[in-house]
Amino acid sequence: GAVVSQHPSRVICKSGTSVKIECRSLDFQATTMFWYRQFPKQSLMLMATSNEGSKATYEQGVEKDKFLINHASLTLSTLTVTSAHPEDSSFYICSARPSTGDYGYTFGSGTRLTVV
Amino acid sequence: AQSVTQLGSHVSVSEGALVLLRCNYSSSVPPYLFWYVQYPNQGLQLLLKYTTGATLVKGINGFEAEFKKSETSFHLTKPSAHMSDAAEYFCAVISGNTPLVFGKGTRLSVIA
């Protein structure tokens, strides 16, 4: 089945530094990937839609300059949290949908970001 | 725009009892519906999905859900709860080419 690998699973960084999170589709090609943010005991909030070879589409209220998304290939999307602040601490999850049009979205295992 | 409402942020059942997690959706076009499970500090795992065809959908781990268009519902059930079923469950909907829209989630506790 479709597998999405997300790395790292946990990261602690200092305020002001940048952190990159990778999302890879291992056994299928994904023209579209999605990045979600999840606060404790809450649902997933869509941050942006990442499209291979073009700019990401950000949801209202998400700072595109803070959360940089790059989808350089059909199997890799990256989310970079720039100039991280403690309020950026959260659980980030990526999701990919196979290019074949199957609506079975597959999720990565998530990244727990802690900014100190 | 589509939306999902999950009734009950927390459901508690005894081991061996019926599990019923409720989900109602709103969509202007025929929806595709999903149930996902999330264990602590992990991503989401697809339990089952409805796209077209049979309205009773069977998923993994003994779960099933029935799409009822007249009630705009997609409730998740399991005849007999196991301790390992304790987790957070999310109902989600897409219409057309839109991203998944999630409900707020229901935390299932299973009591021994």
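Could you derive backbone 3J(HN,Hα) for the range A:13-18 from the dihedral phi with the Karplus parameters 6.51, -1.76 and 1.60 (θ = phi - 60°), listing whole Hz in sequence and x where the residue is Gly or Pro?
9, 8, 4, x, 8, 10
When Lys and Arg each count +1 and Asp and Glu each count -1, what net charge do the other residues less than 11 Å away from A:I93, Cβ to Cβ, add up to?
On the way: positive: A:R37, A:R112; negative: none.
In short, +2.
Could you sort the peptides B:44-52, A:87-95, B:86-94 by per-residue average Cβ neighbour count (10 Å cutoff), highest mean leading?
Highest mean packing first, the order is B:86-94, A:87-95, B:44-52.
What ³J(HN,Hα) values, in whole Hz, does the Karplus curve 6.51 cos²θ - 1.76 cosθ + 1.60 give for the range A:46-63 when θ = phi - 60°, with x put for Gly and Pro?
5, 8, 6, 10, 9, 10, 4, x, 9, 6, 6, 9, 9, 6, 4, x, 9, 7
Carbon and sulfur atoms: what percent of the 1.4 Å accessible area of chain B do they account for? Mind dumping the intermediate values first?
Numbers: 2840 of 5310 Å².
Carbon and sulfur: 54 percent of the exposed surface of chain B.
What dipole magnitude, in Debye to the nearest 20, does the protein assembly as shown give about its Cα centre under +1 on Lys/Arg Cβ and -1 on Asp/Glu Cβ?
Approximately 160 debye in magnitude.
Leaving out ligands and nucleic acids, and using a 1.4 Å probe, what accessible area per residue does the range B:22-88 come to in Å²?
49
For peptide B:44-57, what's the mean number of Cβ atoms from other chains within 10 Å of each residue's Cβ?
Counting other chains' Cβ atoms within 10 Å and averaging over B:44-57 gives 2.
What are the aspartates and glutamates whose alpha-carbon lies under 13 Å from the alpha-carbon of A:K55, with same-chain residues fewer than 8 places away excluded?
A:D65
If the only charges are +1 at each Lys and Arg Cβ and -1 at each Asp and Glu Cβ, what is the size of the charge dipole of chain B around the Cα centre, to the nearest 20 debye?
Computed about the Cα centre, the dipole is about 180 debye.
List the aspartates and glutamates whose Cα lies under 14 Å from the Cα of B:K49, skipping any in the same chain that are fewer than 8 positions away.
Partners within reach: A:D102, B:E64, B:E66.
Taking amide H positions as placed 1.01 Å from N in the peptide plane, with prolines and chain starts having none, which residues 5 or more places from A:M47, or on another chain, fall under 5 Å of its amide H?
Sorted by chain and number, the residues that satisfy this are A:W35, A:Y36, A:R37.
From the convex hull of the Cα coordinates of chain A, what is the mean projected area in square nanometres?
6.8
Which whole-Hz ³J(HN,Hα) couplings does the range A:80-87 yield from phi under the Karplus relation 6.51 cos²θ - 1.76 cosθ + 1.60, θ = phi - 60°, glycine and proline marked x?
10, 8, 9, 6, 5, 10, x, 5
Within 10 Å of each Cβ in peptide A:107-113, how many partner chain Cβ atoms are there on average? Round it to a whole number, please. Working shown, then result.
Working: counts 8, 3, 5, 5, 1, 1, 0.
Mean partner shielding for this stretch: 3.
Hey, got the average number of other protein chain Cβ atoms within 10 angstrom for residues in B:36-42? Walk me through the intermediate numbers first.
Values: counts 3, 0, 7, 0, 0, 6, 7.
Mean shielding count: 3.
The values are calculated or read from the model by the stated rules, or taken from the named source; none is laboratory data. None of the values given here were measured: they were computed from a predicted structure. Quick reminder, even Gly has a Cβ in these numbers, built from the backbone with ideal geometry, and neighbours come from all protein chains shown. Accessible surface areas use protein heavy atoms only, side chains included; no ligands, DNA or RNA. Shrake-Rupley method; radii C 1.70, N 1.55, O 1.52, S 1.80 Å.
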